[in-house]
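In what follows, a structure is listed as structure tokens, so that the remarks can point back to it.
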There are 2 protein chains.
Amino acid sequence: MYSERMSTPDRLIESTRELLWERGYVGTSPKAILQRAGAGQGSMYHHFKGKPDLALAAIRRTAEELLAAAEGVLDGPGTPYERIEAYLRRERDVLRGCPIGRLTMDPDVIASDELRAPVDETLDRIRERIAGIVEEGKEQGQFATWLDGEEIAATVLATVQGGYVLARASGSPAAFDTGVRGLLSLLAPRAS
Amino acid sequence: MYSERMSTPDRLIESTRELLWERGYVGTSPKAILQRAGAGQGSMYHHFKGKPDLALAAIRRTAEELLAAAEGVLDGPGTPYERIEAYLRRERDVLRGCPIGRLTMDPDVIASDELRAPVDETLDRIRERIAGIVEEGKEQGQFATWLDGEEIAATVLATVQGGYVLARASGSPAAFDTGVRGLLSLLAPRAS
């Protein structure tokens, strides 16, 4: 399924990333990874200590990509409100859910400090970035002074993560968009 | 693990509910259900057609309980803002996540219209109830006229569902509370 020029470890990592997104950690067997990567059991154990080790490499790569995409939008042009809006409206494969957030529902990921760490760090860094933008917006008079950057950042992130839940429950991305519009209507600067 | 006075189907349903909450559908084997219920394979197939059938009964019972708890708070005393606040601050076992919302990350639940239906219906009914309360609040001048009940309701529900994600990622309920406080600070009626 992958280019032959891709190295075996890369094929293993890419297969694991896809399977973690589709089926989660608990639902992903080493056999399924090998099958999708077109690799043998020996090559997996040659490059990785086992499923947890391979999953860690896969989660780290996904986390890096997600963080880069989020920061790309959050550090883009526009006012603080516009940058948060761009983050919320960023194109997403909504029905697939968040490849990082979904791991929090995986008991074996949450039970492992090592596997949970990149998930926690990624969400934390995005939250910190948004919190800074909210504080900028307060200084510029765009957001009300009584708002707390950390709190609003958590609300923004939660709306996105919970939006995936609503969308997947209803089988349509519309519920995600509705929640985002609601948050934007609460955040929007208004002449008072 | 259960009272001997509980019927076998009830023990099977209760075991399934717990395992679905802890490990999800994909991570729950019929063997684990039987073990926890202290029941034999024959008794499971006597009462249920198989794992999907038993899971459906379990999900329906959990959905009913969740809906009753949510409606109890939303239909309680107080102003529209206070009722939404009570719903957001309702005591939750935050680190366990939502027993209904977490099912949306389960590929086999989402792939089955029958298993997904009670998940979708439950979230939808809570959302409708909140949307009605927002409209009430608008009529009473407590919420701004430009807010849309359906949108705000989706944001409220998403903040809760995403709050579980943030809490489980960080291993602490604090992140859930922070997101809730952020939303409440945006919703709070203010003299302008």
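For the stretch B:1-28, which positions are within 24 Å of A:A111 (Cα to Cα) and open to solvent by 50 Å² or more (accessible area, probe 1.4 Å)? Explain how you work it out, then say what you get.
Start the filter on the stretch B:1-28 by keeping residues that are within 24 Å of A:A111 (Cα to Cα), which leaves B:1, B:14-28.
If the condition is that a residue be within 24 Å of A:A111 (Cα to Cα) and open to solvent by 50 Å² or more (accessible area, probe 1.4 Å), then B:M1, B:E18, B:W21, B:E22, B:R23 are the ones that fit.
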- Task: Please tell me if B:M44 is assigned to a helix (DSSP H, G or I), among the hydrophobic types (A, V, I, L, M, F, W, C), surrounded by 13 or more Cβ atoms within 10 Å (Cβ to Cβ) and at pLDDT below 95.
- Result: yes
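State whether one or more residues within the stretch A:14-23 are within 20 Å of B:G162 (Cβ to Cβ) and at pLDDT 95 or above. Show your work before the answer.
The initial filter retains those residues of the stretch A:14-23 that are within 20 Å of B:G162 (Cβ to Cβ), namely A:20-21.
Subsequent filtering for residues that are at pLDDT 95 or above retains A:20-21.
Checked against the condition, which is being within 20 Å of B:G162 (Cβ to Cβ) and at pLDDT 95 or above, the stretch A:14-23 yields at least one hit.
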- Report whether or not B:R11 is more than 19 Å from the chain's Cα centre (by Cα), farther than 19 Å from A:V165 by Cβ and part of a loop (DSSP other than H, G, I, E, B). no
- Item | Selected residue [modelled with pLDDT under 95 and touching a helix residue (DSSP H, G or I) at 6+ places or on another chain (Cβ under 8 Å)] from A:R92, A:R102, A:R36 | A:R92
- Query: Does B:E64 count as within 14 Å of chain A (Cβ to nearest Cβ), at pLDDT 95 or above and part of a helix (DSSP H, G or I)?
  - Reply: no
- In the stretch B:137-170, residues that are farther than 23 Å from B:D75 by Cα and more than 7 Å from chain A (Cβ to nearest Cβ) total 2
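Name the residue, out of A:G137, A:G72, that is farther than 23 Å from A:S172 by Cα and open to solvent by 10 Å² or more (accessible area, probe 1.4 Å).
Values: A:G137 fails: open to solvent by 10 Å² or more (accessible area, probe 1.4 Å).
Within the list A:G137, A:G72, the selection yields A:G72.
From the list B:A32, B:A86, B:A58, B:A39, which residue is open to solvent by less than 60 Å² (accessible area, probe 1.4 Å) and assigned to a loop (DSSP other than H, G, I, E, B)? Lay out the reasoning, then the answer.
Working: B:A32 fails: assigned to a loop (DSSP other than H, G, I, E, B); B:A86 fails: assigned to a loop (DSSP other than H, G, I, E, B); B:A58 fails: assigned to a loop (DSSP other than H, G, I, E, B).
From the options B:A32, B:A86, B:A58, B:A39, the qualifying one is B:A39.
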- Are any residues in the stretch A:89-104 surrounded by 14 or more Cβ atoms within 10 Å (Cβ to Cβ), within 21 Å of B:P99 (Cα to Cα) and not aliphatic (A, V, I, L, M), and if so, which ones? A:G97, A:C98, A:P99, A:G101, A:R102, A:T104
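Going through B:R11, B:R89 one at a time, which residue ends up being farther than 27 Å from A:Y25 by Cα and touching a residue at least 60 places away in the same chain (Cβ under 8 Å)?
Values: B:R11 fails: touching a residue at least 60 places away in the same chain (Cβ under 8 Å).
Unique residue meeting the criteria: B:R89.
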- Residue satisfying condition, being closer than 18 Å to B:V156 by Cα, of a type outside the set (K, R), open to solvent by less than 30 Å² (accessible area, probe 1.4 Å) and free of Cβ contacts under 8 Å to residues at least 12 places away in the same chain, within set A:A167, A:A188, A:A154, A:A158: A:A158
- Which members of the stretch A:171-192 meet the condition of being within 7 Å of chain B (Cβ to nearest Cβ) and modelled with pLDDT under 95? A:S192
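The values are calculated or read from the model by the stated rules, or taken from the named source; none is laboratory data. Only a predicted model underlies this, so the values are computations on that prediction, with no experimental measurement involved. Backbone-built Cβ (ideal geometry, glycine too); neighbour counts: all protein chains shown. Please note that ligands, DNA and RNA were not included when accessible areas were found on the heavy atoms of the full protein model with its side chains. Shrake-Rupley method; radii C 1.70, N 1.55, O 1.52, S 1.80 Å.
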